[in-house]
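Quick notes on the structure that follows.
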Amino acid sequence: MRPKLPKYRPPSIAPEDRYYGHTVNLQLGSWAYALDDGAVLYKRGWYPFHREVPRSELDPNQPIGMPRNVGTGRFDPCPVRISPNTEFLSWGNEYVRLQPYRNDPRVTARTSLYVGPARVRSAEIAVDLREQTVVLPDGVPEQLREQAEVKGQRILGFLMEARSERRRGLASPHDIVHRQMRTCGNAD
């Protein structure tokens, strides 16, 4: 039996700008996205990033039976956070949250588009890994369209590079991880 695909919801954009006090106007330039999220592994499927699914059980080493998480050996696609490779852990409005669909080549990228000092517009960008396409939400204001298009293409490029690393036999992300995380020993 074929797995049932989730109902597709087209990407959306917030109807209005919102206040965000720590905005940075990152020039589109030639930067790329990098992974700045915790421990993930490469596993099979359209979407490369997975984490082990834990189960909760009572901890026999605790006198009051506190629960503990125990690995199950099962891995599921998981959301990850990416950001421009120009700076590590600094720009909230430049973070992107990648949300996979289960057993599906589509990924939703949730991001903020820079509108002006302390102003952003929340947006979703849809990425199809099978078709290698990017879909912007209807209604992106003209002054934000180029920013959304460039970010969408860079998100697709990031995901394709992760898939390439996986095809080369790496068990976990390496070159696509922020340089500072690699030097801290988090991505070796």
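Every number in this text was worked out from the coordinates using simple rules, so none of it is lab data. Please read these numbers as outputs of a predicted model, since none were measured by experiment. Cβ placement follows ideal geometry from the backbone for every residue including glycine, while neighbour counts extend to all protein chains displayed.
Remarks
- In this simple spin-label model, placing a label point 7 Å from the Cα along the Cα-to-Cβ direction at both Asp138 and Ser30 gives a separation of 3.9 nm.
- Overall form of the stretch 98-188: oblate. Here a/c, set by the Cα gyration tensor axes a ≥ b ≥ c, is 1.5 or more, and a/b is not larger than b/c.
- Placing pseudo-labels 7 Å out from each Cα toward the beta carbon at Phe88 and Val150 gives an inter-label distance of 2.5 nm.
- Each Lys or Arg adds one and each Asp or Glu subtracts one; over the other residues with Cβ under 9 Å from the Cβ of Pro10, this totals -1.
- A simple spin-label model places pseudo-atoms 7 Å from Cα toward Cβ; at Leu58 and Gln99 they are separated by 3.7 nm.
- Note on the chain: dipole from Cβ charges, positive end direction compared against Tyr101, Leu35, Pro117; the farthest Cα belongs to Tyr101.
- Full extension of the chain between Arg168 and Tyr8 yields a length gain of 54.5 nm, computed as 0.36 nm times the residue separation minus the alpha carbon distance.
- Dipole axis of the stretch 114-185 (+1 Lys, Arg; -1 Asp, Glu on Cβ), positive-most option in Leu136, Val150, Leu170: Leu170
- Using alpha-carbon coordinates, inclination of helix 142-167 to the longest axis of the chain, degrees: 30 degrees
- Vicinal HN-Hα couplings computed from phi for the stretch 72-86 (Karplus, 6.51 cos²θ - 1.76 cosθ + 1.60; Hz; Gly/Pro x): 10, x, 9, 10, 10, x, 9, x, 9, 10, 10, 7, x, 6, 7
- Extension gain for Arg119-Glu16 works out to 36.1 nm (0.36 nm per residue, less the C-alpha to C-alpha distance).
- Here the chain is treated with +1 on each Lys and Arg Cβ and -1 on each Asp and Glu Cβ, and its dipole about the Cα centre works out to around 680 debye.
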